[in-house]
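Peer 1: The following block contains the structure, expressed as structure tokens.
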Amino acid sequence: MAKILIVDDDPDFVSVVRSILQPEGYEVSTASNGEQALKVMKKDKPDLVLLDIMMSYVLDGVDVSHKIAEDPQLKGTPVLLVTSLTVTPESGMFPTDEDIPVDGWITKPVNPQQLKERIAALLARG
């Protein structure tokens, strides 16, 4: 089954998403920040990345998405950006005019069915 990397600094969110994905047969790995995510990806490339925006710093996830897109080994890995940023006071910091190389967005708190459907659709494009 597909390997999914969850990149988020919130252990509760990681635990919830893992509990949604593992019963579906997905192999789940995790990273708590962008730097760790890139190391994990180079060691064992996932089939899809769920990537939080705000981790070590406000736009950590955005920077990681650019690094994935620029790396010949990682380029083409589907990235689903996960964020609560749009409903927080920090939403004004989000670069709305920047081209962010991701394959989709989903907001926190995630709807389990919507998350599974979005992941299945991205993997099917693969």
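Every read-out reported here was derived from the displayed coordinates using simple, explicitly stated rules and does not represent laboratory data. Just so you know, these numbers come straight off a predicted model, no measurement behind them. Don't worry about glycine lacking a Cβ; one is built from the backbone with ideal geometry, like all the others, and counts go over all protein chains shown.
Peer 1: Packing-wise, with mean Cβ within 10 Å as the measure, how do 32-39, 16-23, 70-77 rank, highest first?
Peer 2: With the highest mean Cβ count within 10 Å placed first, the list reads 32-39, 16-23, 70-77.
Peer 1: Based only on other Cβ atoms within 10 Å, what is the fewest-to-most ordering of Leu115, Leu81, Leu123? Please report the intermediate quantities before stating the final value.
Peer 2: Working: Leu115 19, Leu81 23, Leu123 15.
Ordered from fewest to most neighbouring Cβ atoms within 10 Å, Leu115, Leu81, Leu123 come out as Leu123, Leu115, Leu81.
Peer 1: Rounded to whole Hz and in sequence order, give me ³J(HN,Hα) for region 67-74 from the Karplus expression 6.51 cos²θ - 1.76 cosθ + 1.60, θ = phi - 60°, writing x for Gly and Pro.
Peer 2: 5, 5, 5, 8, 8, x, 6, 9
Peer 1: Another question, then. Okay, helix-only estimate at 222 nm for the chain: each DSSP H run of n ≥ 4 adds -39500 (n - 2.57), divide by all residues, round to 500 deg cm²/dmol; what do you get? Each step should come with its number before you reach the end.
Peer 2: Working: 4 runs with 46 residues, N = 126.
Counting only the DSSP helices, I get -11000 deg cm²/dmol.
Peer 1: On to the next question. Hey, can you rank 59-67, 106-114 by average C-beta count inside 10 Å, highest first? Walk me through the intermediate numbers first.
Peer 2: Values: 59-67: 21.0, 106-114: 13.2.
Those peptides, ordered most packed to least, come out 59-67, 106-114.
Peer 1: Something else: Students often forget the sequence filter, so: which aspartates and glutamates lie under 17 Å Cα-Cα from Lys75 once same-chain residues fewer than 8 apart are removed?
Peer 2: In chain and number order, the partners are Glu35, Asp44, Asp47, Asp63, Asp99, Asp103.
Peer 1: Would you please give the residues with an amide H less than 5 Å from that of Thr30, counting only those at least 5 places away or on a separate chain, with H modeled from the backbone geometry?
Peer 2: Ile6
Peer 1: By the gyration tensor of its Cα atoms, with a ≥ b ≥ c the square roots of the eigenvalues, what is the shape of region 1-86: rounded for a/c under 1.5, prolate for a/b over b/c, or oblate? Don't skip to the end; give the middle numbers.
Peer 2: On the way: a/c = 1.79, a/b = 1.09, b/c = 1.65.
Here region 1-86 falls in the oblate category.
Peer 1: How much FRET efficiency would the formula 1/(1 + (r/R0)^6) give for Asp103 and Ser56, where r is the Cβ-Cβ distance and R0 is 22 Å, rounded to 0.05?
Peer 2: The pair Asp103/Ser56 has a calculated efficiency of 0.45.
Peer 1: A further question follows. Glu24 label point, 7 Å along Cα→Cβ, cut-off 12 Å on backbone N: hits in region 48-66?
Peer 2: Once the point is set 7 Å along Cα→Cβ of Glu24, 48-50 turn out to lie under 12 Å by backbone N, inside region 48-66.
Peer 1: Taking a label point 7 Å from the Cα of His66 along the Cα→Cβ vector, which residues of region 102-117 have an amide N closer than 14 Å to it?
Peer 2: 102
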